[in-house]
Structure formats: C-alpha cells, structure tokens
1. Rounded to two decimals, what is Rg over Rh for segment 65-213 when you use alpha-carbon atoms and the Kirkwood radius?
2. Show that you can apply the helix-only estimate: for the chain, add -39,500 (n - 2.57) for every DSSP H stretch of four or more residues, divide by all residues, and state [θ] at 222 nm to the nearest 500.
3. Taking DSSP loops as anything outside H, G, I, E and B, show the longest stretch in the chain free of GluC sites (Glu not before Pro) there with at most 14 other beta carbons within 10 Å.
4. With point charges of +1 on the Cβ of Lys and Arg and -1 on the Cβ of Asp and Glu, referenced to the Cα centre of the chain, which listed residue (Trp138, Phe272, Ala284) lies farthest in the positive direction of the dipole?
5. Please report the base-10 log of the normalised intensity I(q)/I(0) for segment 7-79, using a Debye sum with one equal scatterer per alpha carbon and no solvent, at each q in 0.22 (1/Å).
6. Only Cα pairs within less than 10 Å get springs; with that Gaussian network setup on the chain, which residue of Ser135, Ser266, Ser314 has the largest fluctuation?
7. In Å³ and rounded to a whole number, note down the convex hull volume per residue for the Cα atoms of segment 206-350.
8. Counting other Cβ atoms within 10 Å, keep those with at most 13, restrict to DSSP loop, and tell me which trypsin sites (Lys or Arg not before Pro) in segment 54-152 are left.
Amino acid sequence: MGFCGRSWCSENTPWADPPLAFGCLIAGVSLGAFIMTIFHERHHIVYTLKLALGRARDSKFEANEPLSYRSAWLIFIAFFILMMCLFMLAGMSPWASFVVTLTGVVIWFTMSQLWGRAGFSNEPGYDFAPAFAKSFLWPTEYTLPVTHTDHVLAHTFVYEECCGPYMPWGTTFYTILGSYKMANLMRVHPRSVVKIASIALIVAMFSACMMNIVLPGVYGMGRTHMLTSTNLMGRVYDMWNRPSPHPVVEIAPWMIGGLIFMVIMSLLHARFLWLPDPLMSIVAWDWVGSLMGTWSAALVAGIIKWLVLRIGGSRLYEEKAVPFVGGFILGAALNALIAGICAYIIFRPI
C-alpha cells in the first residue's frame, strides 16, 4: 500500500479501523464542536430569539448586523424547508431530506469555525458527514443495494458534495466569512456585504450549473473534469466505507469517545485559555494532516514562533514576523495562481 493509502484507504489503516479509528474520532469531535458552540453561545442565541419573537427590543444590538434577527431566523427556517422540498422533489424521502439538510448545516457551521480560527480545512465528506447522516438513516446497515433514490442522492450529498471546501456546500460559507473579515478591516457595513455576496453567489450558481452541462457537451466528458464526468456510482458505493468500513453501531464507541473528548476539552479550554484549542484535534487526527505533511509544517512553524518570541518577544512577533508571514502566504497564493494560469495556457485540456 502506498503512502497515500496509509492515510485514507478504507481498510486496515489507523484512520479507518480500530483500535485507533481516527476518522470515527473526528466524527465525534466535529459533532461535539457543534454542540459545545451552541452551549457556549446559548445566552446569545436565546437573546436573538427573543429579539426575533418581539419579546425584547435592542436597536443598538442589531445595529452592526446585516439583517434584523427576525429576518435572519425566518430566512434560515424558510431556506431549510425549501432545501428539504428540493430534495423531496428530486425523489428523496422526507426523513432523508431532513437529515441531509441538517448534515450540511452542522458540517459547515463547524468547519467554518475551523477555517476561521486555524486557517485550515479538512474534507468532512470522508468522516463526519457520512457518520452523522448514517447514524440517522442506516445505523445498523452496511453496503445496501441501491433500491431507493435515497441510496444515491443522500450518499452523493453527504459524501461527494461535502468532500471539501471546494465543493458547493462549503464554498459559499468560506466565501462569505472571508468577505465579512475584509469588510470589517475596511469598515464596510455587513449589510453591503450581504447584498453584494447574494448577487455574486446567485450569478455564480447559475453559471456553474450551466457550464457543468454545456462544457462536457461541447468538448466531451473525457476532456473536462466536471462533476458529471466523475464516477458518481463509485463514490456512492464508497460512502459506506466512510469513515470506517463498518456499520455505525460498531464504530459508535469511537464517535462517542470523540464527542466526550471535545465536550471536556472545550469546557476546560473556556476556563483555562492556555490550554490548546481542542478544535485543532480535527486537523491533527485527519488524514489530510498526514497526507499533506501538516504535522511537519506545524512543527517547523512552532519552533520558529518559539525562537522569535524568545529572542524578540511579542513586539518582534507582532511587528515583523506576522507581516512577513502574511506576505509569504500572499506570495505563495499568487505563485499558485500565476502557475495555474500558465499551465492552462501551455497545456490546454480542451
């Protein structure tokens, strides 16, 4: 088995199988992160509900928000229902439609925190999304034959479409978060961000759906790597192996263990700020971290940060090191962009 397979192949790996089963632990940790976020922010959430229901009034509290909390809650509920209706129109059962929609909300609510706090993302379609959805849909089954639309569409949406931030569900969350941060730095009101982002996303979704059909039809599916040209049924069957090639009831102890770990560490982290952020365990245990050398990069970065703080203190770190690293990241991003454009021009796929 090659190095890549040691990280994420579905059998006989520390990531997928006991006794370690890191993928199952991550599923529990991710769910724990969602639950603990709700717990820590419970007072804020309850207060926004009171504002939405008209039981409290605080214009200053909503002044810096893009929408009133009443509008925000109504939009969330309405689009949750509309998403379910869309899935049901496509042939999925009401229960599967609810579970898949809920899976998307929980996933990207959690992964957006990981991206915002660590600048890193994993691919939850390999661990948390299938584990969460199968817990409600097929907790005791494994490798069922395709006898219902749920066995195709639900698998696709919780595995393929949740595979990473480059897929449709995650991209929109990360884009909006980045826009909010830049707007905050430039002192632009969030309301303007929502207006611009809404228009941009609607245009992008419409264009992407059209091109996903037009380009393979014009140039051939073999020359355009579109979603329609991938082995969807292969992914559908492989979903049963994520995060482990076992029924959910058999991997439940690891999922519960990850959940308990996150709950305890989150409570301790809220009380003792010097403790490491437990959300980083998703990065530490994920196959992406091992496959892409994240541990090595984190070790080097940690040593450099320690040396900078020991030599020059926080002043050197904040005034020199942080801007230097920011410029390095920007240079790496520009290098990838320019190299990608040049490669496309020189080695045109179509």
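Every read-out reported here was derived from the displayed coordinates using simple, explicitly stated rules and does not represent laboratory data. Because the structure is a prediction, the values reported are computed rather than measured. As a convention, Cβ positions derive from the backbone with ideal geometry for all residues, glycine included, and neighbour counts pool all protein chains shown.
1. Values: Rg = 16.7 Å, Rh = 16.8 Å.
We get a ratio of 0.99 for segment 65-213.
2. Numbers: 15 runs with 236 residues, N = 350.
-22500 deg cm²/dmol, from helical runs alone.
3. In the chain, the maximal stretch lacking such sites is 142-350.
4. Most positive-ward Cα: Phe272.
5. Rounded to two decimals, the profile gives -0.97.
6. Fluctuation is largest for Ser314.
7. Values: hull volume 30.7 nm³, N = 145.
Enclosed volume per residue, from the Cα hull, is 212 Å³.
8. Details: sites: Arg55, Arg57, Lys60, Arg70, Arg117, Lys134; in loops: Arg55, Arg57, Lys60.
Listed in order of number, the matching sites are Arg55, Arg57, Lys60.
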